[in-house]
Amino acid sequence: MKLAFSLFLLMLVGMVHEVGCAAPTARAAVSDDVRELIEAARGAPAALCACAARSVHNHWGWAEAPASLLGPSFNRRPREHERLSDEDLRYLLNSLDTPDPCVRELAVRLVASVDREEVVAGLLQRLTSPDSALRMTAAFGLGIAEPRRAIDPLVAATRDDASGVRANAVWALGRIEDARATTPAITLLSDRSAMVREAAAGTLGHLEARSAAPNLERLLKEDRVADVRRTAAWALAQIEEDDAIPDLTTAMQKDADATVREMCAWAIGNLDRGRSATAALLSAGKRDADEDVRETAVWALGEHGDESTAKGLGEILESDRSSEVRSTAAWAIGQLSVDTAPKGLITALSDKEAKVRLTAAWALGEIEDRSALPALRAALARETSKQVSKALMRALIHSGEPAERLTALLDSQDPEVRKTAIRGIAGSATMDPWPWPMPRPRPFP
């Protein structure tokens, strides 16, 4: 039962979200994690099961179903006006002192979310406990609570003998975002524990500490742990360190870990462009063995907006085996200020994947190339997806399709096509009849 409680607690604190967003290096283990989690759920108490279920509640805010297998008492989410009583707070704080790791973990997450002075005082008291596990828990709770009066005690905790305490303390300082954390965080970049180095790099990124740039660049080049290098790349982008582009470019080209290369591509995309970086991004978009690296590289090219990359992006659009990469390449071309559509963008109107055709049509509408009108007409005549058809209509109108040709579309059986044609004839060339085709979310540590 203790194993079931512990694993269910992991679900409560977000394990399922982590599984859904697993880094590429963990993809193979995802299905095993899910199976282990479900097996641990067997026989768990209803109260704990309800907490776990609520932790993975749909993040778009859908309402709870009216009936639940757990019973009516667990069928609603707590109302915002409901608060923990003084007795509840004392109970949770006292629960931190028990040796059971599951109880501690659950108690600290519940109590630290309460904005009360006695909570902060209780966590600070435990930050100096002889028990290193309790000190680690207290530092974690202070990171959730984010009290400014905890900064000096947390700075002191960054020198703790236990690596878990040091990691949680510097992480908490990053959440509080006070400049006093900069020096201890830089010091911890040389810590013997990879967990601590990664937490310190993340904190320096959140603090936007420009003074840490040389140390972060060293970490990116020399650290033996991929997660540390990846977070260092992220932090360099957060502090907007343009001088780090050569090191980021080298790592994007040569690092053995795909997640590091992907983060470097993302970081370059968020920094000022340079010709050498643009060439490296285009090369990564064409040649990297990892799909996510290629996609992020072409996304970065779209962010930079360098018109000279249009031909290369068109080639990627024609040849890449991944529909995600092709779709993002089409989006990137649409971000460029070019007058003529590259050949690959026209070819993409016949792509086997609807999302690629959709993004290609959007990009052609952005470019407004009149020479693309015949290809757009042919694509519209054979298109079976209503959403792509509307995108093609938009592209035709933006590209200057004559009103007399749009008139023929008034006989369409699709009311949306007729509506779009009417708007085009009326000169509503700015209409956008479908969602903005942004690429997938970018990587974060």
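Figures for the structure shown
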read-out: Number of the exception - Ser337 against (1) within 20 Å of Arg394 (Cβ to Cβ); (2) part of a helix (DSSP H, G or I); value: (2)
read-out: Filter pass, Arg192 being of a type in the set (D, E, K, R), assigned to a helix (DSSP H, G or I) and at pLDDT 95 or above; value: no
read-out: Selection status of Ala310, surrounded by 17 or more Cβ atoms within 10 Å (Cβ to Cβ) and touching a residue at least 12 places away in the same chain (Cβ under 8 Å); value: yes
read-out: Lone qualifier among Asp320, Asp292 - being more than 20 Å from Thr347 (Cα to Cα) and either surrounded by 24 or more Cβ atoms within 10 Å (Cβ to Cβ) or touching a residue at least 12 places away in the same chain (Cβ under 8 Å) (or both); value: Asp292
read-out: Meets criteria (out of contact with any Gly (no Cβ under 7 Å at 6 or more places or on another chain) and either more than 25 Å from Thr309 (Cβ to Cβ) or at pLDDT below 95 (or both)) for Ala381; value: yes
read-out: Residue match in segment 134-156 (condition: surrounded by fewer than 18 Cβ atoms within 10 Å (Cβ to Cβ), more than 33 Å from the chain's Cα centre (by Cα) and either within 21 Å of Leu173 (Cβ to Cβ) or at pLDDT 95 or above (or both)); value: no
read-out: Matching residues, segment 111-123, being surrounded by 18 or more Cβ atoms within 10 Å (Cβ to Cβ) and of a type in the set (A, V, I, L, M, F, W, C); value: Val111, Ala112, Val119, Val120, Leu123
read-out: Sole residue being farther than 30 Å from Thr249 by Cβ and surrounded by fewer than 23 Cβ atoms within 10 Å (Cβ to Cβ), chosen from Glu401, Glu315; value: Glu401
read-out: Total residues in segment 220-257, condition surrounded by 19 or more Cβ atoms within 10 Å (Cβ to Cβ), hydrophobic (A, V, I, L, M, F, W, C) and either over 19 Å from the mean Cα position of the chain (by Cα) or more than 27 Å from Glu177 (Cβ to Cβ) (or both); value: 6
read-out: Members of segment 99-144 that are basic (Lys, Arg) and free of Cβ contacts under 8 Å to residues at least 24 places away in the same chain; value: none
read-out: 3 or more residues more than 20 Å from His206 (Cβ to Cβ): qualifying helices (runs of 4 or more DSSP H) within segment 113-167; value: 117-126, 132-145
read-out: In segment 82-107, the residues that are surrounded by fewer than 13 Cβ atoms within 10 Å (Cβ to Cβ) and among the hydroxyl-bearing types (Ser, Thr, Tyr); value: Ser85, Thr98
read-out: Qualifying residue in segment 103-110 (condition: of a type outside the set (A, V, I, L, M, F, W, C), modelled with pLDDT of 90 or more and outside any loop (DSSP other than H, G, I, E, B)); value: no
read-out: Cβ-Cβ under 8 Å pairs, at least 6 apart or on other chains, segment 374-397 side in the same structural domain as Thr347 (by TED's automatic domain parsing), far side surrounded by fewer than 13 Cβ atoms within 10 Å (Cβ to Cβ) and among the hydroxyl-bearing types (Ser, Thr, Tyr); value: Ile397/Ser428
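The values are calculated or read from the model by the stated rules, or taken from the named source; none is laboratory data. The structure presented is a predicted model; accordingly, all values stated were derived computationally and were not measured. A quick note on method: Cβ atoms are made from the backbone with ideal geometry, for glycine too, and the neighbour counts reach across all protein chains shown.
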